[in-house]
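Chemist: Have a look at the structure that comes next, please.
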Amino acid sequence: MSKNRARARVELQKTVTLEAQKLSATIKPNAQPKRTEKRITKRITVAVLLSALLGLGASVAFWTSKRSPSEPAFILQGPLSARNGCRRPPTFFNGLGFGRGVSLSTAERDLIGIAAVEFDSNTKKRIRYWQHPSWSKFGQLSAFTLDRQGDLYVIPAPRVNLADNPPALQNRLYRIDASTGEMQLALAFPVAAAANARNPYAGMALSYDCNTHSLWLSSVAGSEPSRERGKILRIQLQPSIAVQDQLDDFDGFGIAAFSAGSTLQAGADKANQQGLLIASARHGSVLLQAMNKDGSLQGRPLTMLSIAGLGPLGNDRVRKIDIGSQGELLLHGTPFNFNLAQPSAQHAAVKYRFAWDSVTRQYQFVDWQQ
Amino acid sequence: MLHFFRKPISAIVLLALLVGCKPEASMQPADGLTSPNPLKQALAGQSSDSESVLAYRALLQASQARGEVVFALENLSVPAAKAQAIALAHPVLRERVPVGADGVRARVEVLSVDRLRESDLADPSSPHQSCKNTECQRVDLYDFSSSRMLSAVVNLQTEKVLSWRALVGQQPEIPERLTRLALEIARSSPEVKEALGGSAPESFEVLMANTKTSLNETHCERSQHLCVAPTFVQGNIAIWAIVDLTDLKLVGVQWTEHGQAGPLSDAIVAVPSEQSLSDAVIMEKYCERNTTLTKLGWRLDYMLTASDGLQISGVRFNERSVLTSVKLVDWHVSYSEREGFGYADAVGCPSFSSAAVIPFQAPQVTEIKEAGLVVGFRLQQEFRSLGWPGPCNYSYQQSYDFYQDGRFRPSAASIGAGCGNDGTYRPLLRIEPAGAGWAMQEYSPIKTSASDIGFNDVTHERWFDANGAVDAAGARFTLAQRQAGQVLQGFKIVPGRGQFKDSRGDFEYVYATAKAAAGEGSDELPTLGSCCNTDYRQGPEQFIDQPAQALDQGLVIWYVPQMKNELNPGREYCWANPVLENGVVNPKRYPCEAGPMFVPVEKKSTPSDRVSPT
């Protein structure tokens, strides 16, 4: 029985945030939050009260207080569906002679920038790589994404040291042309303050939204220990590459646009929900951010779930969010503390699975894998 | 009372009833920002084992003295006791539980014995299919030496062990005896007493009666030890203590006064752990402000930087300014058998920094003794990668030794464990003497006249090749400060030539540069130079102007020693190995340390800047 104790406790915590959100979401405008509503089950009571011990009770008040009376509640009507399924591979791969196992990587320890790499399926060793001459000119790179035309977008981030990544040049978005493979500066995105020795990061994650043909970018540039100054940016790709909307004072990490209710639950009474999943760079939470049909942001993000306490270290952040075909969430965790310490080889990337529970209408933790 | 432990949720419900039901009005801040309700954290200091820990250690020793491989559970039901006996008699245990060089076997304890569940038999390929018809029990053991759980399934009818399974990274169930011990360790600690406002419960029973108590899980990410988190709520204080069950000690305490609705705090959204607690304390105490240290005639400030290690500043000896600052700008690590392979690592604060290797505990101040007498003190900071001493994970140590006779020595040490046996470590020390009027001289063994004492003036910026000659007293350079024709103070700079502990010699490059404006190290320096140059091009040479500036308006000394690692048994250097000792695995450390000793010289009333040893 006790083998599941850890999971049970953690699930309890997950419930805390979900229920906390639900509570705050159901509060009527200008109403006092009623934590003693009869509909609160014993489990919820335990969870909310446990949260008081852990300090999470404060989060109930926080999100409640942050909500302006005019902001609509956001309760998921069904599992999420991804909005990046239209991405296409670039054509510059054609003629390079790679096999089917070719992929793009910014994590090769011996290479700067981005590279097309191919690994032997048996030995798992790299057997080939290729870089356009422009791919190593801008220092170490990190997150990247394709769009529906095969153009590739990538952001820089320092690795181990700042030798190849001067802080002043970190708020950059680069574009790799789908046909020529040439990499060029696409945008110097806005930051609250430039990256520096105390916070050498700017862009953290990048994802593509097919519905609006735009990029979502999370940045922590300018943030300080006691002050979140990061931004979530929506970057339109046509007619020109430019920031179209932004959420300020939030340090985001993994990010993914979603739809809910319409794709997987056709006919649902509250279909066509859409929004962003945004992971916090400061803790293990993943938040929901509502958006309008045109991609503009609506209100402030609400905590949806957390991986705090899960995994081999219990202290990961979600650096990447994948939404599966059945709406399941695969969260890629990594230690992150606003420094250049690298996760050790013993702590390989951890993936956390959450699945939609149609009974509770919430995402529930399933397992983690290394 | 013991039932309470088995039902931590019950305890939480009760305590939550106390803490969760505050007036609703308090949850509605007027301005949406609420007044902060900061958490308080404390890392455990050095303390001797409590009576309960000593008693537990005695039980462990007695078990080993009886020849038992595993410390068994007592007061089990008859079937559970039988299953435990069968599992512990299995020969695989004696084979797999190692004995250390000290003769002490790895500490392995039985944590639980439970009847096998239906769900364990769902897989038709399971080797436990015989358990469908007969009673089987699962015996869970924890190997504290390797931080893994061992799980045996025992068929009680056939009296055989059906399987063994090892699980790493799993949080096991904690038995009652360890639960009680964890609570006792927490209760008896000064840190929990402080959190309770100094009114420590006199006994375990009083603690249990007066607080709502539960045992939660946590992680010790750095030590990889088995840790738990006893939590207590007494009055309006909620305390989260982290207890290391491998070392049987308190790691630290985080507490808060609840009853106030505060903004979502970073620290409390995550489950408190060894690392989060340590980082929070170090950030608050050592990254955001200076700490002043006054001892044996010395006075200095120290703080952790974002990328330049532990910096000391405003250093005075007997009221005289000696140093503006000293810091460790970078570590260059290169591997000779792989061209261009290596790392440039910065050390600094655990978060909001550009450090690749971060502190795992607060700076330490210890006494330096000679012949049993205190002659000085050492200020020291150790930095570690999370996976140290695993391959390609590093531990660096930065130290400042100060002696009551005016000597001082900044140094840097590597404690491995790099990516191979061909590694060379080059720490970049930046030393800025206080004020202007300094004159530097370099020793030369070639004498030009009978009166030549062997030291030649260094008047302009330049670098000095590795391993230069030293005089009979071991000095390679002298440094003297003059004002109005008078020598205020002077030092001989004595590099390591094997005379210092943990040193085979410094093989140092030295650079003298004029004190410059920002960008040359007076503020945070980003990565300086390449990791893998094997000559003088370690980075400081870029601050030597063309033409070279004069040094008379203030100078900076850059000291870049070179330490080559060695892994040969008995000759290890710049290395660390995990060894089984006293039942648990700890790293055996083989540091290599380098840094110059500054030896004060007596003032002479000659017009010359030259000085002679005291």
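Chemist: For A:Ser142, enumerate residues with amide H under 5 Å from its amide H, sequence gap 5+ or separate chain, H modeled in the peptide plane.
Modeler: So A:Ser142 has HN proximity to A:Ile155, A:Ala157.
Chemist: Related question: What does the convex hull of the Cα atoms of the stretch A:185-246 come to per residue, in Å³, rounded to a whole number?
Modeler: Numbers: hull volume 4.9 nm³, N = 62.
Spread over its residues, the Cα hull of the stretch A:185-246 gives 80 Å³ apiece.
Chemist: Next up: Defining a contact as two alpha carbons under 8 Å apart and six or more residues distant in sequence, what relative contact order in percent does chain B show? If you can, show how the numbers build up before the last one.
Modeler: On the way: 1398 pairs, mean separation 69.0, N = 614.
11 percent.
Chemist: Within a 10 angstrom radius of the beta carbon, how do B:Cys349, B:Cys419 rank from fewest other beta carbons to most? Write down the numbers at each step before the final one.
Modeler: Numbers: B:Cys349 28, B:Cys419 16.
Result, fewest neighbours first: B:Cys419, B:Cys349.
Chemist: So what's the net charge close to A:Leu217: Lys and Arg +1, Asp and Glu -1, counting the other residues with Cβ under 14 Å from its Cβ?
Modeler: Details: positive: A:Arg172, A:Arg175, A:Lys231, A:Arg234, A:Arg319, A:Lys320; negative: A:Asp147, A:Asp209, A:Asp245, A:Asp248, A:Asp251.
Residues close to A:Leu217 contribute a combined charge of +1.
Chemist: List the trypsin sites (Lys or Arg not before Pro) within the stretch B:272-318 that DSSP assigns to loop and that have no more than 16 neighbouring Cβ atoms inside 10 Å.
Modeler: Values: sites: B:Lys285, B:Arg289, B:Lys295, B:Arg299, B:Arg316; in loops: B:Arg289.
Those satisfying the criteria are B:Arg289.
Chemist: Which ³J(HN,Hα) values, rounded to whole Hz and listed in residue order, are derived for the stretch A:139-147 from phi using the Karplus coefficients 6.51, -1.76 and 1.60 in 6.51 cos²θ - 1.76 cosθ + 1.60 with θ = phi - 60°, glycine and proline given as x?
Modeler: With coefficients 6.51, -1.76 and 1.60, one gets x, 5, 10, 10, 6, 8, 8, 9, 10 Hz.
Chemist: Related question: Can you give the Kirkwood hydrodynamic radius for the stretch B:181-226, in Å, rounded to one decimal and based on Cα pairs?
Modeler: On the way: mean 1/r = 0.0848 Å⁻¹.
Its Kirkwood hydrodynamic radius stands at 11.8 Å.
Chemist: With a sphere of radius 10 Å drawn around the Cβ of B:Ser503, what net charge do the other residues whose Cβ falls strictly inside it have (Lys, Arg +1; Asp, Glu -1)?
Modeler: Its environment carries a net charge of 0.
Chemist: Here's another thing I want to ask about it. What is the packing order of peptides A:130-143, B:430-443, taking the mean over residues of other C-beta atoms within 10 Å and listing the highest first? Let's see the in-between values first.
Modeler: Numbers: A:130-143: 18.6, B:430-443: 21.0.
Packing proxy ranking, top to bottom: B:430-443, A:130-143.
Chemist: Oh, and also: So what J values fall out for the stretch A:104-119 if you push phi through Karplus, 6.51 cos²θ - 1.76 cosθ + 1.60 with θ = phi - 60°, rounded to Hz, Gly and Pro as x?
Modeler: So the J values, rounded to whole Hz, are 9, 9, 10, 10, 6, 5, 9, 10, 9, x, 10, 8, 8, 10, 9, 10.
Chemist: Just counting partner chain Cβ atoms within 10 Å, what average do the residues of peptide B:517-526 show around their Cβ? Let's see the in-between values first.
Modeler: Values: counts 0, 0, 0, 0, 0, 0, 1, 3, 2, 10.
For peptide B:517-526, the averaged partner shielding equals 2.
Chemist: Tell me, what ³J(HN,Hα) does each residue in the stretch A:198-207 have, in order and in whole Hz, if you take phi through Karplus 6.51 cos²θ - 1.76 cosθ + 1.60 with θ = phi - 60° and put x for Gly and Pro?
Modeler: Each residue's phi maps through the Karplus curve to give 7, 8, x, 9, 10, x, 10, 8, 8, 8 Hz.
Chemist: Kindly provide the GluC sites (Glu not before Pro) of the stretch B:174-263 that DSSP labels as loop, not H, G, I, E or B, and whose Cβ sees at most 12 other Cβ atoms within 10 Å. Let's see the in-between values first.
Modeler: Working: sites: B:Glu176, B:Glu184, B:Glu191, B:Glu194, B:Glu202, B:Glu205, B:Glu217, B:Glu221, B:Glu257; in loops: B:Glu202, B:Glu221.
Here the sparse-neighbourhood loop sites are B:Glu202.
Chemist: Going by a ≥ b ≥ c, the root eigenvalues of the Cα gyration tensor, does the stretch A:80-369 fall in the rounded group (a/c under 1.5), the prolate group (a/b larger than b/c) or the oblate group? Intermediate values should be presented prior to the final figure.
Modeler: Numbers: a/c = 1.30, a/b = 1.24, b/c = 1.06.
Rounded, because the longest to shortest axis ratio a/c is under 1.5.
Chemist: Assuming a viscosity of 0.890 mPa s and a temperature of 25 °C, what translational diffusion coefficient in µm² per second does Stokes-Einstein assign to chain B, Rh being the Kirkwood radius over Cα pairs?
Modeler: On the way: Rh = 27.9 Å.
Roughly 88 µm²/s, to the nearest whole number.
Chemist: Going by C-beta contacts inside 10 Å, put B:Met149, A:Met304 in order with the fewest on the left. Each step should come with its number before you reach the end.
Modeler: Details: B:Met149 21, A:Met304 25.
Neighbour counts put them in this order, fewest first: B:Met149, A:Met304.
Throughout, read-outs are computed from the coordinates displayed, never taken from laboratory work. The structure presented is a predicted model; accordingly, all values stated were derived computationally and were not measured. As a convention, Cβ positions derive from the backbone with ideal geometry for all residues, glycine included, and neighbour counts pool all protein chains shown.
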